[in-house]
Amino acid sequence: AGTVLVADETMSELCLDPGIERPRPVCAFDPAGSAVITVGSVSKSFWAGLRIGWVRAAPDVIRSLVAARAYADLGTPVLEQLAVTWLLTTEGWDESADLRRAQARENRDALVAAVRRHLPDWEFAVPHGGLTLWTRTGGLSGSRIAEAGERLGVRVPSGPRFSVDGAFEG
């Protein structure tokens, strides 16, 4: 279609259930590298404080991004880059990913149990990966739920935030 696809793969390490095979990176379907840009990060998979990520794209796209970043960048943190280098060059990557997956799995299971117990009318599929539980809210407004959560100190992003046209309100 002549459209460049930007794929957010920041949670690709967070496959939570044993036996579930991770999908191939989206760029695997674009061997020439001209139609897909993928974005990755360690902040979701390991620790939110590690604000280090990467872009995989065709060389001309990378050159443009590097040139554009020079005007807005205050500098990439050296200590965090060294930490990620250590993760990538030792067994640290696998150990850290395993630990984060266990934490995310425990959090997901607790959330699923709580929603089933307290909101039995809500519908959802238990996700096999990631950090998100998408629900159908039984006719309640997602935006109003988000507002109520904010008042109670709980951040719940509403569905329309993830839509270009305001969909996903329920």
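The values are calculated or read from the model by the stated rules, or taken from the named source; none is laboratory data. Because the structure is a prediction, the values reported are computed rather than measured. Positions of Cβ are backbone-derived with ideal geometry, glycine not excepted, and every protein chain shown enters the neighbour counts. Remember, those area values only see protein heavy atoms, side chains included, never the ligands or the DNA or RNA. Shrake-Rupley method; radii C 1.70, N 1.55, O 1.52, S 1.80 Å.
A few notes on this one:
- Any chance S64 is closer than 30 Å to V154 by Cα, of a type in the set (S, T, N, Q) and surrounded by 11 or more Cβ atoms within 10 Å (Cβ to Cβ): no
- Tabulated pairs, the range 46-63, first closer than 19 Å to A104 by Cα, second part of a helix (DSSP H, G or I) and not small (G, A, S), C-beta under 6 angstrom, 6+ apart or interchain: F46/R100; L50/E80
- Residue count for the range 141-163, restricted to those that are open to solvent by 60 Å² or more (accessible area, probe 1.4 Å) and modelled with pLDDT of 90 or more: 6
- Yes/no for S163 being farther than 22 Å from I20 by Cα, touching a residue at least 24 places away in the same chain (Cβ under 8 Å) and polar (S, T, N, Q): no
- Residue tally, condition surrounded by fewer than 15 Cβ atoms within 10 Å (Cβ to Cβ), in a loop (DSSP other than H, G, I, E, B) and more than 15 Å from the chain's Cα centre (by Cα), over the range 1-32: 12
- Filtered residues of the range 33-50 (kept if in a loop (DSSP other than H, G, I, E, B) and surrounded by 13 or more Cβ atoms within 10 Å (Cβ to Cβ)): G33, A35, V42, S43, K44, S45, F46, W47, L50
- Test: residue in the range 130-142 that is among the basic types (K, R) and out of contact with any Asp or Glu (no Cβ under 6 Å at 6 or more places or on another chain): no
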